[in-house]
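Encoded as structure tokens, the structure appears first; notes follow it.
Read-outs throughout are calculated quantities, based only on the coordinates presented, and are distinct from any laboratory measurement. Just so we're clear, the structure is a prediction, and the values are computed from it rather than from any experiment. In this analysis, Cβ positions are derived from the backbone assuming ideal geometry, glycine residues included, and neighbour counts consider all displayed protein chains.
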């Protein structure tokens, strides 16, 4: 069984107009996994509904507490990309679980989105990596302390 913790972020954003007014909506990960025919058993728990720029260290501590309270050993966290690596770094060394964080650079509800690929890739990575904390974005698995978001190229890449 895999536990999926959702925290909001772009993956769950709903935009209302061209002026970029939005709210973080309900988690979309269940729809993504059902449409993909995923047969691995999972449970989804909504922890936060925040843009990642609004996530505080207190929120990260609460996410860590949720991770450590889970009976499941493998945990997927959906998260906004702006502070995805920060939350991954916060969790490193503080849990004995296998944790993979992912998100998307475009909302899942957009016609062109990386959300479906990133969630599917993260589910596969979660079942393949050893114990630890990882980020799964753009077809790569990263150490949270050795990754950066390249805003110009709109992707994650190894930190130099």
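Computed quantities for the displayed model
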item	result
Residue 157/residue 131 FRET efficiency (R0 25 Å; Cβ-Cβ; nearest 0.05)	0.50
Separation in nanometres of the label points that stand 7 Å from Cα toward Cβ, at residue 46 and residue 111	2.8 nm
Percentage relative contact order, the range 2-158, counting C-alpha pairs under 8 Å, at least six apart	24 percent
Contour minus Cα-Cα distance for residue 58 and residue 39 (0.36 nm per residue)	3.4 nm
Highest-MSF residue in the chain out of 138, 68, 118 [GNM, Cα springs under 10 Å]	68
Relative exposure of 142, 110, judged by other C-beta atoms within 10 Å (fewest first)	110, 142
Candidates 55, 77, 32, ranked by Gaussian network fluctuation over the chain, Cα under 10 Å, top entry	32
Over the range 45-136, relative contact order from alpha-carbon pairs under 8 Å, at least 6 apart, %	29 percent
Cα gyration tensor, the range 71-160 - rounded (a/c under 1.5), prolate or oblate	oblate
Spatial separation of Cα centroids for the range 95-143 and the range 1-78, in angstrom	11 Å
Stretchable slack from residue 23 to residue 65, in nm (0.36 nm times residue separation minus alpha-carbon distance)	12.6 nm
The range 7-90 - percent relative contact order, Cα under 8 Å, separation 6 or more	41 percent
Footprinting exposure proxy for 98, 160, 56 (fewest neighbouring C-beta atoms within 10 Å first)	160, 56, 98
Anisotropy class of the range 1-100 from Cα gyration tensor, a/c 1.5 cut	oblate
